[in-house]
Amino acid sequence: MKNKIALLGGAKKRRQMEAVLSECLKTYDIPFEIHHVPNSQKFIHEVLFNNDFRLIMESSKETITYMLKIYTNFDQQYSRHVTGTLKYPLTKAEFMKNMLKAFKLSNVCPYGVYAAKNGKMSRLIPHEDIQFIYKEKYKSMIYLHNGESVEEVTTHAKVLKELDTSYFFKCHQSYVVNFFNIEEISDDYKFILLKSGDIIPMSRLGFKQLVKAISLSITGSDAFDY
């Protein structure tokens, strides 16, 4: 399913926004379809109330106002809109930063439970309590919000299979991060700062997974691919 994006404003500004959006979305294989909307009250009204559009961006003077449709449950059954502003001209870095911010502010990590096993012992851990998971050979260390860590003798592949991959993504060969615990991303996209203060490395492939996670806020479908 392609993501329908509506661009409003002067022709020059619409072309500038389209160039940046196209580069960003093509880079990460996110399907999209951009529509240029004339400055007509009739067309603007039709776009605002057309549920087919996932993202609407309008440039006026030195500011871009956006309205993003969020699929809260990722099932395309319930949604809400988030609005914000960007500086003009649009840049790839600012676009990604604001989409991440909008997504974080509009959702909470849903309740789910991960069963960590170590020998004959088993411990149920709510997904929201997990900050990140570090892998070392056949051992995984699960780091929790309360500062505790839980060791589990298993492969990372098995951990990822049992986790809800709508909310956890592999940012690096050795790390899996809870998307909702991200505080900031470094300007070079090589590190993630968590709310706990932990700094986690991020690979180029890991950044692609992050972009796909952000795309969930537009597409409403599970775009994760491990």
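The values are calculated or read from the model by the stated rules, or taken from the named source; none is laboratory data. Every value quoted in this text rests on a predicted model; they were computed, and no experiment measured them. Because the Cβ atoms are built from the backbone with ideal geometry, glycine has one as well, and the counts that use them run over all protein chains shown. Keep in mind that these areas ignore ligands, DNA and RNA; they rest on the heavy atoms of the full protein, side chains included. Shrake-Rupley method; radii C 1.70, N 1.55, O 1.52, S 1.80 Å.
Heavy-atom accessible surface of L100, to the nearest 10 Å², is about 20 Å², with a 1.4 Å probe and all protein chains retained.
Extending 7 Å from the Cα toward the beta-carbon at both K195 and L144 defines two label points whose distance is 1.6 nm.
Put simply, the amide H of H35, placed in the peptide plane, has neighbours under 5 Å in I5, A6, L7, leaving out anything fewer than 5 places away on its chain.
Within the full protein context, the accessible area of E151 is estimated at about 80 Å² for a probe radius of 1.4 Å.
Which links in K4/K158; K161/K190; K69/K97 stretch past 28 Å when you go from one Cα to the other? It would help to have the intermediate numbers written out before the result.
Numbers: K4/K158 36 Å; K161/K190 25 Å; K69/K97 16 Å.
The pairs that break the limit, which is 28 Å between Cα atoms, are K4/K158.
Amide H to amide H distances under 5 Å link L86 with I64, T65, Y66, where only residues 5 or more positions off or on other chains count and H is placed in the peptide plane. For E184, the residues whose amide H sits under 5 Å from its own are L193, ignoring neighbours fewer than 5 places away on the same chain, with H placed 1.01 Å from N. Using a probe of 1.4 angstrom, how much of the accessible area of region 170-214 is carbon and sulfur, in percent? For region 170-214, the apolar C and S fraction of the accessible surface comes to 48 percent. In this simple spin-label approximation, D29 and D187 carry label points 7 Å from Cα along the Cα→Cβ vector, and these lie 3.1 nm apart. Residue separation of V113 and A19 scaled by 0.36 nm, minus their Cα-Cα distance, works out to 29.6 nm of gained length.
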